[in-house]
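Asker: Questions regarding the structure given below will be posed in turn.
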Amino acid sequence: MLHFDIVIVGAGPSGLCFAQAVAGCGLSIAVLERQPESTLADPAFDGREIALTHHSAQVIQTLGLWERIDNNAISLLRDARVLNGPSLYAMHIEHDANKTTSLGYLVANHLIRKAAYDTVKSSPDITLLTESVITAISTDNDGAYISLANGDKIKAQLLVAADSRFSETRRAMGIPATMHDFGKSMMVCVMEHSIPHHHVAWEWFDYGQTLALLPMNGMRSSVVITLPATDIQQLMSLSEADFNEEMATRFKHRLGTMQLASTRHAYPLVTAYASQLVAKRCALIGDAAVGMHPVTAHGFNFGLSGVDVLANEIKAAKSRSSNIAASALLERYARKHRLKTRPLFLATHAIAKLYGNDTIPARLIRAASLRIGNRISPFKRAVAHMLTEAN
């Protein structure tokens, strides 16, 4: 039997960041991942660009990831605009509302994954067990137990689930989650355009579609379009020339001519919130705990926030020679993370439902809410603070 202090299931960005966050304090850590190590070492572009708050940027700087990402691949998110329907009127969220130089930063997901892998591989405290298929998981008062398909058995003090919003570890531990399928899909890609974005992000709740633009360096942006799955499939199947014309039309030519600059990727729009964030000798982090709607771009930011809180609790316990899987410790993490994530999770659902509703009354409320929000300075400052998480 293999023995570790902490076993993390899932080598996505949250799982790897957590491993790095608890390394260096005398704990032995294992990360279990189904994929081969070659996939982790050189992750493919997956279309997703991650909007990082200032707090998240500080966390990954502390973990050593930031220095491994090319500065030219980090784009500023200076301001944001929220648009409704065909109107040019927008609610503006300015970076200087919270005395910062930007709302945050934009970094490609695959670059964060690559930086996290490289950082973890340099740590002598972390063992990466790839191509690991879990057949059984259980915990009791003495430890957490994991059985693998290759016959290996593992015992740890603490089990951490970081294996996506569809977490099999969460299910194996008997923890239910509230999941909401919006019945739509998102298509993400990078596009070049002839009209500059001035590093302003867009969230455009058009009628019949939702469009998002995340500004990258130069005359290109990460574009996200949300539509029914059949419409997304049609977009994915278009020739590049037809796709370029279709996207320029959907953006009503507000970005001028548009040219596809990457592969296209589609994802189902499903959110998840675990009913419990902890169990006996087990904690959920990342999307396994909270799988956010992308409208506020807070998914990975919440993942890093949970990583930071849980890691600090564990390191404090280790420094006192206390139990790193104590119920009181795990409950403190759960309470802090729930307080951080639950209000915005619920608010995001309400926003998504309102701005996804194209009935006449909803359209009127949508338009009025933007105008009211634009005129209330404390509200805009609060939104800016939420987006930046600046100290």
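The values are calculated or read from the model by the stated rules, or taken from the named source; none is laboratory data. Source: prediction; values computed, not measured. Here the Cβ positions follow ideal geometry from the backbone for every residue, glycine too, while neighbour counts run over all protein chains shown. Please note that ligands, DNA and RNA were not included when accessible areas were found on the heavy atoms of the full protein model with its side chains. Shrake-Rupley method; radii C 1.70, N 1.55, O 1.52, S 1.80 Å.
Asker: Suppose we filter region 249-288 for residues that are of a type in the set (S, T, N, Q), more than 29 Å from Val160 (Cβ to Cβ) and exposed (fewer than 15 other Cβ atoms within 10 Å of the Cβ); how many remain?
Answerer: Going through region 249-288 one residue at a time, the tally reaches 3.
Asker: Something else now. So which strands (runs of 3 or more DSSP E) stay within region 1-78 end to end and still have 2 or more residues that are in contact with a Ser or Thr (Cβ under 6 Å, 6 or more places away or on another chain) and open to solvent by 20 Å² or more (accessible area, probe 1.4 Å)?
Answerer: 2-9
Asker: If Met219 satisfies every condition in (1) in contact (Cβ under 8 Å) with a residue 60 or more places away in the chain; (2) of a type in the set (A, V, I, L, M, F, W, C); (3) touching a strand residue (DSSP E or B) at 6+ places or on another chain (Cβ under 8 Å); (4) open to solvent by 30 Å² or more (accessible area, probe 1.4 Å) but one, which is the exception?
Answerer: Among (1) in contact (Cβ under 8 Å) with a residue 60 or more places away in the chain; (2) of a type in the set (A, V, I, L, M, F, W, C); (3) touching a strand residue (DSSP E or B) at 6+ places or on another chain (Cβ under 8 Å); (4) open to solvent by 30 Å² or more (accessible area, probe 1.4 Å), the lone unmet condition for Met219 is (1).
Asker: May I pose another question? Within region 112-121, can one find any residue that is open to solvent by less than 50 Å² (accessible area, probe 1.4 Å), closer than 22 Å to Leu214 by Cα, in contact (Cβ under 8 Å) with a residue 12 or more places away in the chain and within 23 Å of the chain's Cα centre (by Cα)?
Answerer: Checking region 112-121: at least one residue is open to solvent by less than 50 Å² (accessible area, probe 1.4 Å), closer than 22 Å to Leu214 by Cα, in contact (Cβ under 8 Å) with a residue 12 or more places away in the chain and within 23 Å of the chain's Cα centre (by Cα).
Asker: Turning to a different aspect of this structure: Could you please give the count of residues in region 313-328 that are out of contact with any Leu (no Cβ under 9 Å at 6 or more places or on another chain) and in contact (Cβ under 8 Å) with a residue 12 or more places away in the chain?
Answerer: Result for region 313-328: 2.
Asker: Condition first: in contact (Cβ under 8 Å) with a residue 60 or more places away in the chain, surrounded by 15 or more Cβ atoms within 10 Å (Cβ to Cβ) and of a type in the set (Phe, Trp, Tyr). Can you find one or more residues in region 207-214 that meet it?
Answerer: Within region 207-214, the subset in contact (Cβ under 8 Å) with a residue 60 or more places away in the chain is 207-208, 210, 212, 214.
This time we only want the ones that are surrounded by 15 or more Cβ atoms within 10 Å (Cβ to Cβ), so: 210, 212, 214.
If we keep only those that are of a type in the set (Phe, Trp, Tyr) too, we end up with none.
No, there is no match, as no residue in region 207-214 is in contact (Cβ under 8 Å) with a residue 60 or more places away in the chain, surrounded by 15 or more Cβ atoms within 10 Å (Cβ to Cβ) and of a type in the set (Phe, Trp, Tyr).
Asker: For region 306-328, give me each residue that is open to solvent by less than 10 Å² (accessible area, probe 1.4 Å) and closer than 23 Å to Glu168 by Cα. Spell out how you get there, then give the answer.
Answerer: Step one: filter region 306-328 for residues open to solvent by less than 10 Å² (accessible area, probe 1.4 Å), giving 306-307, 310-311, 314, 317, 324-325.
Gly306, Val307, Leu310, Ala311, Ala325, listed by residue number.
Asker: Is it true that Asp118 is among the acidic types (Asp, Glu), under 30 Å from Leu227 (Cβ atoms) and not in a strand (DSSP E or B)? Reasoning before the result, please.
Answerer: Working: among the acidic types (Asp, Glu): yes; under 30 Å from Leu227 (Cβ atoms): no; not in a strand (DSSP E or B): yes.
Criteria not met by Asp118.
Asker: For Thr135, state whether it is part of a strand (DSSP E or B), surrounded by 14 or more Cβ atoms within 10 Å (Cβ to Cβ) and either more than 24 Å from the chain's Cα centre (by Cα) or of a type outside the set (Ser, Thr, Tyr) (or both).
Answerer: It is false that Thr135 is part of a strand (DSSP E or B), surrounded by 14 or more Cβ atoms within 10 Å (Cβ to Cβ) and either more than 24 Å from the chain's Cα centre (by Cα) or of a type outside the set (Ser, Thr, Tyr) (or both).
Asker: Here is a follow-up. Of all residues in region 158-196, count the ones that are more than 27 Å from Ala108 (Cβ to Cβ), assigned to a loop (DSSP other than H, G, I, E, B) and open to solvent by 40 Å² or more (accessible area, probe 1.4 Å).
Answerer: Final tally of qualifying residues: 2.
Asker: Hey, another quick one. When you look at Glu240, is it of a type outside the set (A, V, I, L, M), surrounded by fewer than 18 Cβ atoms within 10 Å (Cβ to Cβ) and touching a residue at least 12 places away in the same chain (Cβ under 8 Å), yes or no?
Answerer: yes
Asker: How many of the residues making up region 142-186 are more than 19 Å from Ala334 (Cα to Cα) and over 24 Å from the mean Cα position of the chain (by Cα)?
Answerer: So the answer is 14.
Asker: Since Trp202 meets every condition but one in (1) open to solvent by less than 20 Å² (accessible area, probe 1.4 Å); (2) hydrophobic (A, V, I, L, M, F, W, C); (3) closer than 30 Å to Thr101 by Cβ; (4) part of a strand (DSSP E or B), which condition does it not meet?
Answerer: The single condition Trp202 does not satisfy is (1).
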